[in-house]
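Trainee: First, the structure itself, so that you have it in front of you.
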Amino acid sequence: MAGLVDWYSVWRADGQGYVLTVFKDKASADASLGLARDIWGGLSKLLKGQPKPETFDNVEALTK
C-alpha cells in the first residue's frame, strides 16, 4: 500500500480485535480504501462482520 507507514493488529482471546494502519497522509489512506476492502473481502469467511474504517487526524508514537 503506497504511503503505508505502519500496521498493527490486536485481538483478544474471544477473537475480537482491531487493525490500525498509519499512513503518511490522508490522501494515501484514502487511496488505499479499495485495496483494504479487497483484503477484508478475502477474509470475510473468518470475520463475523465487515470492518468499519475510521479516520483520525493525528498519531503519536508513545514509547518508554
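Any read-out appearing in this document is the output of simple, stated calculations on the displayed coordinates, not a laboratory observation. Everything quoted here is computed from the prediction, not taken from an experiment.
Trainee: What is the Cα radius of gyration of the chain over 2.2 N^0.38 Å, N being its residue count?
Mentor: Compactness ratio reported: 1.22.
Trainee: Then there is this: Relative contact order, percent, of the chain when contacts are C-alpha pairs under 8 Å separated by at least 6 residues?
Mentor: Normalised by residue count, the contact order of the chain is 25 percent.
Trainee: With just the Cα atoms defining each centre, how far is the range 1-17 from the range 26-64? Give it in Å.
Mentor: Computed from Cα coordinates, the inter-centre distance equals 8 Å.
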